[in-house]
Amino acid sequence: MDVEKHQELSTRTKNFALRIIRMADALPRTRAGTVIGHQILRSATSVAANYRAAGRARSKAEFIAKIGIVIEEADGLCFGSNYLVEGNILPTTKLEGLLTEARQLLAIFSASGRTAKK
């Protein structure tokens, strides 16, 4: 991946994590809101941090390992976000943009991981 594309994705993952931080702070202070918010918050910040680390990988194997973590966390983020909707904690309309971005990032990193393994 070229440097410009990596920088664009680094910025995108960081901005996404910041959006999740704001969303998590706006969740109701119920037990479910707190637990799910914490899970989603950790996943979003992990996506950003591990993608940044993948860009600094010293080997192809290290890159593949870091991208694997990014994929797992992005998938966990999508999974946890579904609880917010299905548990009636937040309406779908409030999460649509975040869910779309989470799914797009997951698709991008999954493709990157598959390409790196070839």
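The values are calculated or read from the model by the stated rules, or taken from the named source; none is laboratory data. Here the structure is a predicted model, which means the values were calculated and not measured. Every residue, glycine as well, gets a Cβ built from its backbone with ideal geometry; the counts of neighbours run over all protein chains shown. To get the accessible areas, we keep the full protein, side chains included, count just its heavy atoms, and leave off ligands, DNA and RNA. Shrake-Rupley method; radii C 1.70, N 1.55, O 1.52, S 1.80 Å.
With +1 on each Lys and Arg Cβ and -1 on each Asp and Glu Cβ, how big is the dipole of the chain about its Cα centre, in debye rounded to the nearest 20?
Computed charge dipole of the chain: roughly 300 debye.
Heads up, I need the accessible area for LEU18: 1.4 angstrom probe, whole protein in place, Å², nearest 10.
The accessible area comes out at roughly 70 Å².
Under DSSP H, which helices of the chain have Cα atoms covering 27 Å or more of the helix axis and a Kyte-Doolittle average no less than 0.5?
60-86
Given points 7 Å out from each Cα along the Cα-Cβ axis, report the ALA107 to THR93 separation in nanometres with one decimal.
2.5 nm
Round to a whole number: what % of the accessible area of the chain belongs to carbon and sulfur, probe 1.4 Å?
54 percent
Tell me which of SER46, ALA107, GLY76 sits at the most positive position along the dipole axis of the chain, charges placed on C-beta atoms (Lys, Arg +1; Asp, Glu -1).
My answer, from the dipole projection, is SER46.
Exactly which trypsin sites (Lys or Arg not before Pro) in the stretch 25-75 are in a DSSP loop and have at most 15 other Cβ atoms within 10 Å?
On the way: sites: ARG29, ARG31, ARG42, ARG52, ARG56, ARG58, LYS60, LYS66; in loops: ARG29, ARG56, ARG58.
Here the trypsin sites (Lys or Arg not before Pro) that fit, given the DSSP loop and packing criteria, are ARG29, ARG56, ARG58.
Can you work out the FRET efficiency for the pair LEU18 and LYS118, with r the C-beta to C-beta distance and R0 = 35 Å, to the nearest 0.05?
The formula returns an efficiency of 0.60 here.
How much mean residue ellipticity at 222 nm does the chain get from its helices, if each DSSP H run of length 4 or more adds -39500 (n - 2.57) and you divide by all residues, to the nearest 500 deg cm²/dmol?
The helix-only estimate for the chain comes to -30500 deg cm²/dmol at 222 nm.
To the nearest 10 square angstrom, how much accessible area does THR34 have with a 1.4 angstrom probe?
80 Å²
Note down the relative contact order for the chain as a percent, whole number, built from C-alpha pairs under 8 angstrom at least six residues apart.
RCO, the chain: 26 percent.
Can you put SER10, SER59 in order of accessible area, largest first, using a 1.4 Å probe?
On the way: SER10 25, SER59 55 Å².
Accessible-area ranking of SER10, SER59, largest first: SER59, SER10.
In whole angstrom, how far apart do the alpha carbon centroids of the stretch 64-117 and the stretch 1-28 sit?
12 Å
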